[in-house]
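Chemist: One structure coming up, written as structure tokens, with questions to follow.
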Ligand code: SAM
Ligand code: SF4
Ligand code: SF4
């Protein structure tokens, strides 16, 4: 396979204006024909999950992600020409799928702000794994435009959605999205998604102590028995703009203890390797999981690292490949797409980058004394998606 000669690393200090050419990555002695068959990184992790950010814009200003004082009216978003177009995204995704990716998540920013997204969904839905299987194709959204778009997305081949919702109380929710968006409209979006069969639906709630932890039980009550899986996410120190503080993190163990004051719950097996959420089921009178009542998930990104199984890569809106949510630099695949490089070169670049991957930010953070990890120059969640 041809060696990519023009890969660049893009430093986050100025993600959108400057690329540092790296010539080629150091030669990887493991790229033997045996290695070609099963692509793994330096820690033995396969590449299975690709998250694609389709826009860096959003109509919400959640303070933990795009705080208003940074993402204000003067903030310079990427120009249209910088964004990968749908053909570029599909071409690149085809190469990722050939290297083992089975699951695609469209994200952002707010992905439903990207015009004609259903056209991209249809293109991606047509892709097949080397074994001939369709991809697990999903999308994460704040739900604000879902009522309007659910049917078109389903018709285009989207399988399911994850909707972010940080509370049911309208005042709390409006404060958290910081654009005064009403909770009723998001709930309508979830209903529309359910009605057209975009499921199983997951609802993600970021828990920020002092802001919305009083919404935990209300959210669990609301979604219990609906077939929708509610997941509580620890507030993470992603990016460099949200002013993250450990005392605003509510550990998942505490969330579970709180839920157990109302319902008996029991831990469930992981559905698949590399899954980010730990699953807990509502128990019946015999102490067994009651499938009709359903389950919840907790994503303990801060208190319990799950890097050892992390099989996720992230493609930014402008085609930079990030190997970790906490990365400070990305690999410039867009230049390969736009300089006429053939597909084999794209494939070789993906293999090479993944072979060299050793990122495990959360695991290292857990092993180090509090406060000793660098907080600077990290990619923003709205740029690479969650
Ligand atoms: N706008 C869409 C949404 O909100 O679902 C998709 C992009 S958003 C960046 C993806 C996910 O990241 C959301 O579920 C959001 O709650 C989560 N997220 C953003 N910042 C976070 C943080 N600091 N800690 C934990 N989760 C975060
Ligand atoms: Fe927008 Fe999603 Fe970030 Fe909230 S979490 S600001 S909805 S991108
Ligand atoms: Fe994966 Fe990085 Fe998160 Fe660890 S910190 S689970 S390597 S994205």
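Chemist: Which of 143, 100, 210 moves most in a GNM of the chain, Cα contacts under 10 Å?
Modeler: Most flexible of the set in this elastic network: 210.
Chemist: Over what distance in Å are the Cα centres of the stretch 159-214 and the stretch 274-309 separated?
Modeler: That distance is 20 Å.
Chemist: Most fluctuating residue of 277, 195, 152 in a GNM of the chain with Cα springs under 10 Å: which is it?
Modeler: 195
Chemist: Determine the shape class of the stretch 9-384: with a ≥ b ≥ c the square roots of the Cα gyration tensor eigenvalues, call it rounded for a/c under 1.5, and otherwise prolate if a/b is greater than b/c, oblate otherwise.
Modeler: Values: a/c = 1.42, a/b = 1.40, b/c = 1.01.
Cα axes put the stretch 9-384 in the rounded bin.
Chemist: Something else now. Treat the stretch 88-187 as a sphere of radius equal to its Kirkwood radius over Cα pairs and apply Stokes-Einstein at 4 °C in a medium of 1.567 mPa s; give the translational diffusion coefficient in µm²/s, rounded to a whole number.
Modeler: Numbers: Rh = 14.7 Å.
In µm²/s, the coefficient is 88.
Chemist: Let me ask another. Using R₀ = 30 Å, calculate the FRET efficiency as 1/(1 + (r/R₀)^6) where r is the Cβ-Cβ separation of residue 115 and residue 73; round to 0.05. Numbers along the way, then the final one.
Modeler: Working: r = 21 Å, r/R0 = 0.71.
E between residue 115 and residue 73, to the nearest 0.05, is 0.90.
Chemist: Follow-up question, since we're still on this one. Please give the calculated 222 nm ellipticity per residue for the chain, where each DSSP H segment of at least 4 residues contributes -39500 (n - 2.57) and the sum is spread over every residue; nearest 500 deg cm²/dmol?
Modeler: Numbers: 12 runs with 107 residues, N = 386.
The helix-only estimate for the chain comes to -8000 deg cm²/dmol at 222 nm.
Chemist: I would also like to ask the following. Taking the chain as the reference, fit the longest principal axis to its C-alpha atoms, fit the long axis of helix 146-156 to the helix C-alpha atoms, and give the angle between the two in degrees, 0 to 90, nearest 10.
Modeler: 50 degrees
Chemist: Expected output is a single nm value to one decimal: the length gained when fully extending between residue 136 and residue 59, i.e. 0.36 nm times separation in residues minus the C-alpha distance. What is it?
Modeler: Numbers: separation 77, 0.36 × 77 = 27.72 nm, distance 2.67 nm.
Length gained, residue 136 through residue 59: 25.0 nm.
Chemist: At R0 = 22 Å, how high is the FRET efficiency between residue 196 and residue 170 if r is their beta carbon distance? Nearest 0.05 is fine.
Modeler: For R0 = 22 Å, the calculated efficiency reads 0.30.
Chemist: Looking only at the stretch 199-234, which residues have a backbone nitrogen under 19 Å from a spot 7 Å from the Cα of residue 292 in the C-beta direction?
Modeler: 221-229
Chemist: Provide 338, 51, 174 in ascending order of the number of other Cβ atoms located within 10 Å of each residue's Cβ, fewest first. Kindly include the intermediate steps, with their values, before the conclusion.
Modeler: Values: 338 12, 51 21, 174 15.
Going from sparsest to densest Cβ surroundings: 338, 174, 51.
Chemist: May I pose another question? Going by how many other Cβ atoms sit within 10 Å of their own, how do 196, 302, 186 line up, fewest first? Mind showing how you got there, number by number?
Modeler: Values: 196 15, 302 20, 186 24.
Ascending Cβ contact count within 10 Å gives the list 196, 302, 186.
Chemist: For residue 38, project a label point 7 Å along Cα to C-beta. Then give me every residue of the stretch 302-340 with its amide nitrogen under 18 Å of that point.
Modeler: Residues passing the 18 Å test: 308-312.
Chemist: How long is the gain from residue 248 to residue 339 if the chain were fully straight, where each residue apart is worth 0.36 nm and the alpha carbon distance is subtracted?
Modeler: Numbers: separation 91, 0.36 × 91 = 32.76 nm, distance 4.56 nm.
Fully extending the segment from residue 248 to residue 339 adds 28.2 nm.
Chemist: Now, a different point. Could you calculate the contour length gain from residue 285 to residue 258, that is, 0.36 nm times the residue separation minus the distance between their Cα atoms, to one decimal place in nm? Let's see the in-between values first.
Modeler: On the way: separation 27, 0.36 × 27 = 9.72 nm, distance 1.93 nm.
Between residue 285 and residue 258, full extension yields 7.8 nm more.
Chemist: Give me the distance in nm between label points sitting 7 Å out from Cα along the Cα-to-Cβ direction at residue 304 and residue 209, one decimal.
Modeler: Label at residue 304, label at residue 209, 1.8 nm between them.
Chemist: Could you tell me what percent of the DSSP beta bridges with both partners in the chain are antiparallel, to the nearest 5? Before the final figure, lay out the partial values.
Modeler: On the way: 20 of 50 bridges.
Taking every DSSP beta bridge within the chain, about 40 percent pair in antiparallel fashion.
Chemist: Shifting gears a bit: Would you work out the Kirkwood radius for the stretch 251-369? I mean one over the mean of 1/r across all pairs of different Cα atoms, in Å. Could the numbers behind the result be given before it?
Modeler: Working: mean 1/r = 0.0577 Å⁻¹.
Result for the stretch 251-369 stands at 17.3 Å.
Chemist: Related question: Only counting other Cβ atoms within 10 Å, I'd like 357, 245, 105 sorted with the fewest neighbours first. Provide the component values of the computation, followed by the final result.
Modeler: Values: 357 18, 245 12, 105 21.
With the fewest neighbours first, 357, 245, 105 line up as 245, 357, 105.
Chemist: For the stretch 311-363 and the stretch 93-134, what is the separation of their Cα centres, given in Å?
Modeler: 16 Å
Quick note: the coordinates plus some simple rules give every number you see, no bench work behind them. Predicted model, so just to flag it, every value in this text is computed and none were measured. Cβ: placed from backbone, ideal geometry, glycine included. Neighbour counts: every protein chain shown.
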